[in-house]
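Each remark here refers to the structure printed beneath this line.
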Amino acid sequence: MNEKVFITGASSGIGAALAIEYSKRGATLGISARRSEKLQDIAQQCKESGAPDVFSYTLDVTNEDNSANTAKEFIAAANGIDIVIANAGVAYSDKISSGESTQINQVFSTNVLGVTNSIIPFVPTMKENLSGKIVIISSIASFRPIAFHGGYSASKSAVRMLADSWRMALKKYKIQITAICPGFIMSEMTDENKFPMPFLLETEDAARKMVKAIDNGKKTYILPWQVKMILYATRWLPTPLYYKIFF
């Protein structure tokens, strides 16, 4: 099964683990990130894991033109597209007391516009082929906000809503859309967290679960299962009480 898979934010964390997981099943990969040196390391690991071809692109997903050109290049190089995974994201704090909106604006630019820039250029080809899978990495923070990270929570809620909307819009073209909402996954991003991270998952384990969810056509996939159960069981609790109990 020679899938053609394109992944953003693939130089570390979930993106890198997903790239390696797909390489194990012989996928042709397109991987992108801002950090070219780290990206080349991941590309080499993917080749060693079984990917027949790995195309690497130094890309800032907030750049609309570069994102569109990268999508065209990968479609041409791979002779198509089967799966696009919008994974690139940042989790900076709001810095709400700083008097400057620079940091929170960067969160929205990367986490929301970065998703639209990454995915939309692939849609015409998927529509023409009447096939394809679109994957958006959201977060459990899209259901419950994280203190001091309102921009992150709001951005992840926004892209989960995009997934729900696009799923209806693209259903007749047989395009599958999966929103993945991870809890805490070991990565450079979570390494910086100073607060408790219940049910922290190993990156490789999380990637395997995500790929299985994509294979199974999940619409919204929350992991790990313990967090999913907590979210469902406490959905009517006021947010302050929720955090007092669990954090």
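The values are calculated or read from the model by the stated rules, or taken from the named source; none is laboratory data. None of the values given here were measured: they were computed from a predicted structure. Cβ sites come from the backbone with ideal geometry, for glycine too, and all protein chains shown count toward neighbours. In case anyone asks, the SASA skips ligands and DNA or RNA and just uses the protein heavy atoms, side chains included. Shrake-Rupley method; radii C 1.70, N 1.55, O 1.52, S 1.80 Å.
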| remark: Mean-square fluctuation maximum in Gaussian network of the chain, Cα pairs under 10 Å, restricted to Lys156, Lys219, Lys172, hits Lys172
| remark: With +1 on the Cβ of every Lys and Arg and -1 on the Cβ of every Asp and Glu, the dipole magnitude of segment 20-129 about its Cα centre, in debye rounded to the nearest 20, is 180 debye
| request: Given the options Ile230, Ile140, Ile31, state which has the largest fluctuation in a GNM of the chain using a 10 Å cut-off (strictly under) for Cα springs. | output: Ile230
| note | With x for Gly and Pro, the residue-by-residue ³J(HN,Hα) of segment 110-126, computed from phi through the Karplus equation 6.51 cos²θ - 1.76 cosθ + 1.60 at θ = phi - 60° and given in whole Hz, is 6, 7, 10, 5, x, 6, 5, 5, 6, 9, 4, x, 8, 4, x, 5, 5
| For segment 94-247: accessible area per residue (Å², 1.4 Å) | 54 Å²
| task | Choose one of Asn2, Val54, Ser165: the residue whose Cα lies farthest towards the positive end of the charge dipole of the chain (beta-carbon charges +1 Lys, Arg; -1 Asp, Glu; about the Cα centre). | result | Ser165
| query | Counting each DSSP H run of 4 or more residues in the chain as -39500 (n - 2.57), what helix-only mean residue ellipticity at 222 nm follows after dividing by all residues, to the nearest 500 deg cm²/dmol? | reply | -14000 deg cm²/dmol
| Using a Gaussian network model of the chain with C-alpha springs under 10 Å, which one of Ala213, Ala169, Ala68 is most mobile by mean-square fluctuation? | Ala169
| Mind checking the dipole of the chain: about its Cα centre, +1 per Lys or Arg Cβ, -1 per Asp or Glu Cβ, Debye to the nearest 20? | 1060 debye
| Round to a whole number: what % of the accessible area of the chain belongs to carbon and sulfur, probe 1.4 Å? | 53 percent
| remark: Over segment 11-58, with neighbouring protein chains present, the accessible area per residue in Å² at probe 1.4 Å is 43 Å²
| task | Keeping all protein chains in position, work out how much accessible area Tyr152 exposes to a 1.4 Å probe, and write it in Å² to the nearest 10. | result | 30 Å²
| request: Enumerate the calculated ³J(HN,Hα) couplings along segment 137-143 in order (Karplus 6.51 cos²θ - 1.76 cosθ + 1.60, θ = phi - 60°), each rounded to whole Hz, writing x wherever the residue is Gly or Pro. | output: 8, 9, 5, 5, 5, 6, 9
| request: Could you size up the charge dipole of segment 89-194 around its Cα centre, putting +1 on the beta carbon of Lys and Arg and -1 on that of Asp and Glu, and report it in debye to the nearest 20? | output: 600 debye
| request: Just order 176-182, 104-110 by mean Cβ neighbour count inside 10 Å, highest at the front, would you? | output: 176-182, 104-110
| task | Please figure out what share of the DSSP beta bridges in the chain is antiparallel and state it in percent, rounded to the nearest 5. | result | 0 percent
| field | Links that overshoot a 24 Å alpha carbon limit, given the list Lys95/Lys219; Lys174/Lys212; Lys133/Lys172; Lys38/Lys228; Lys174/Lys219 | value | Lys95/Lys219; Lys38/Lys228
| Vicinal HN-Hα couplings computed from phi for segment 153-169 (Karplus, 6.51 cos²θ - 1.76 cosθ + 1.60; Hz; Gly/Pro x) | 4, 5, 5, 6, 5, 4, 6, 5, 5, 4, 4, 5, 5, 5, 4, 5, 5
